[in-house]
1. For region 305-341, which residues satisfy the criterion of being free of Cβ contacts under 8 Å to residues at least 24 places away in the same chain, farther than 21 Å from ALA78 by Cβ and not in a strand (DSSP E or B)?
2. Here are some residues: ASP285, ASP370, ASP328. Which one is more than 22 Å from the chain's Cα centre (by Cα) and closer than 26 Å to ALA69 by Cα?
3. Across region 204-232, what is the total count of residues that are more than 12 Å from PHE178 (Cα to Cα), assigned to a helix (DSSP H, G or I) and touching a residue at least 24 places away in the same chain (Cβ under 8 Å)?
4. (1) of a type in the set (Gly, Ala, Ser); (2) surrounded by 24 or more Cβ atoms within 10 Å (Cβ to Cβ); (3) more than 21 Å from ASP306 (Cα to Cα); (4) under 17 Å from the mean Cα position of the chain (by Cα): which one isn't true of ALA113, the others all being true?
5. When you go through VAL350, VAL327, VAL354 one by one, which is the residue that is in the same structural domain as GLU74 (by TED's automatic domain parsing) and not acidic (Asp, Glu)?
6. Which numbered condition in (1) under 22 Å from LEU203 (Cα atoms); (2) outside any loop (DSSP other than H, G, I, E, B) is the only one that TYR278 fails?
7. Would you check if ASN275 is more than 20 Å from the chain's Cα centre (by Cα), modelled with pLDDT under 95 and within 30 Å of ILE131 (Cβ to Cβ)?
Amino acid sequence: MKKKLLSVLLTGAMAASMFVGCGTSTETTDNAAPAAEGEATESTTTAGGTKVGVAMPTKDLQRWNQDGANMQKELEAAGYEVDLQYASNDTQTQVSQIENMINSGCNVLVVAAIEASSLGEAMDMAASANIPVIAYDRLIMNTDAVSYYATFDNYKVGTVQGQYIIDQLDLENTDKTFTMEITAGDPGDNNAGFFYNGAMDLLKPYIEKGTIVVKSGQTEFQDVATAAWATETAQSRMENILSSYYADGTDLDICLCSNDSTALGVENALAANYNGKYPIVTGQDCDIENTKNMIAGKQSMSVFKDTRTLASQVVKMVGQILNGEEVDVNDTTTYDNNNGVVPSFLCDPVFADVNNYKEILIDSGYYTEDQLQ
């Protein structure tokens, strides 16, 4: 499907902003990342000197470094000047960075929000300046400033994890009972609920039937959420669960973890506090450390979201916006940010495990073999 942009408003905004630079903020220690190796630091002129502001949440997680680098590379290759900023996981820093991008004349904003509902001031400013906003991989809530949303199918990410567990343990046909503990994501990240619900919608019937037992009793999202997706928080919580419910020698069969940073915390806790049969551990993002753990048998799978694919789609959407064209979307019903449904483009996730990681991650050029040694 496609949505027609209000080109009259955009034309005015573009005309005004073409005379203003889009400078790089230096207000935070997470400064803009340099251009990729071998890339020019000055933009080409094929896009008429148009500027794109890219706001990323943090450099603390590998995936955001990769997302930012991929985005910058793709946009600069298309001829756009790029203002790439990382906000050190501080919402006020991100608000300031976005406001600086607006003031300095960026024509389009691509924003991966730290916290879905904390960008109100910056979004109001973008709306007043008629600057289109693409929410990148995290939906920005409670605002009418978001023009489009580009992400992976977040609910499907969860179903991929849930189905992997079902298939590995043959839950449809077994008469055995398995134990499971759940580690979900940041409650301030709108995606975290989709990941959790996608997996739990598949696994809840087995919990209700008694095939899966959550010994801690912690199954609701608010009880299993992990603030900031922090590895240390996930580790501490899992250490408490292991000492409270599995110290008697009971095996833990399943660790449903929404992403790799939380999975890494769980794996650290298992390494230090658990001597039973090693559980199935799920993840997401195929971070290098987690992929190494997957090869070593310490993590079972990770949902792979090829950020190169997402970056390419966002660059295409940016071009369509700036050219006053209809913007490609493939979902106009799912993602409501409490101000209306945001037209979205959803990329498909797949999973990597020890059986296919070479094909998925190495043969595709995402990693080299040396990086996974």
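The values are calculated or read from the model by the stated rules, or taken from the named source; none is laboratory data. Predicted model, so just to flag it, every value in this text is computed and none were measured. All Cβ positions, glycine included, derive from the backbone under ideal geometry; neighbour counts span all protein chains shown.
1. Of everything in region 305-341, just one residue is free of Cβ contacts under 8 Å to residues at least 24 places away in the same chain, farther than 21 Å from ALA78 by Cβ and not in a strand (DSSP E or B), namely THR333.
2. None of the other options fit; the residue is ASP370.
3. Of the residues in region 204-232, 8 are more than 12 Å from PHE178 (Cα to Cα), assigned to a helix (DSSP H, G or I) and touching a residue at least 24 places away in the same chain (Cβ under 8 Å).
4. (3)
5. Exactly one residue qualifies, and that residue is VAL327.
6. Single failed check for TYR278: (2).
7. no
Condition check ((1) among the β-branched types (Val, Ile, Thr); (2) in contact with a Ser or Thr (Cβ under 7 Å, 6 or more places away or on another chain); (3) modelled with pLDDT of 95 or more) across all residues:
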position: MET200; (1), (2), (3): no, no, yes
position: LEU203; (1), (2), (3): no, no, yes
position: VAL213; (1), (2), (3): yes, yes, yes
position: ALA225; (1), (2), (3): no, no, yes
position: ALA228; (1), (2), (3): no, no, no
position: ASN259; (1), (2), (3): no, no, yes
position: LEU264; (1), (2), (3): no, yes, yes
position: ILE280; (1), (2), (3): yes, yes, yes
